[in-house]
Amino acid sequence: MTGTREENIEFPEDKKVTIDVVLRTLNKKYGRDFHEYVYDGETGQVRSFLQFLVNGKSASTENGLETILEEEVKDRSPCFSEMI
């Protein structure tokens, strides 16, 4: 879909970066294919089969899409993982 396995995104240091902010940034960059894969066309919500991991922990056990990605996060972009 994006043609890359990994994406590095830089944000201003004073910006509160959440999983939602990263998804919106990637959506703008990759457009329709990304949007259709990540977001449900009817509800606009992130598709339920996607799981986001931050430092190996599921964001659903934190604050979901509002999970803040902080400086100490090894990989500031969430990992897409399909639940089968």
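The values are calculated or read from the model by the stated rules, or taken from the named source; none is laboratory data. Remember, predicted model here, so these are calculated numbers, not experimental data. Please note: Cβ atoms are built from the backbone with ideal geometry, for glycine as well, and neighbour counts cover all protein chains shown.
Quick notes on this one:
- Among the candidates 4, 25, residue that is in a helix (DSSP H, G or I), among the hydroxyl-bearing types (Ser, Thr, Tyr) and out of contact with any strand residue (DSSP E or B) (no Cβ under 7 Å at 6 or more places or on another chain): 25
- Residue that is farthest from residue 20 (Cα to Cα), among those in region 52-72 that are of a type in the set (Ser, Thr, Tyr) and surrounded by 13 or more Cβ atoms within 10 Å (Cβ to Cβ): 58
- Within region 21-51, restricting attention to residues that are buried (at least 16 other Cβ atoms within 10 Å of the Cβ) and more than 20 Å from residue 5 (Cβ to Cβ), the residue that is nearest to the chain's Cα centre (by Cα) is 21.
- Among (1) at pLDDT 95 or above; (2) within 11 Å of the chain's Cα centre (by Cα); (3) not hydroxyl-bearing (Ser, Thr, Tyr), the one test that residue 54 misses: (1)
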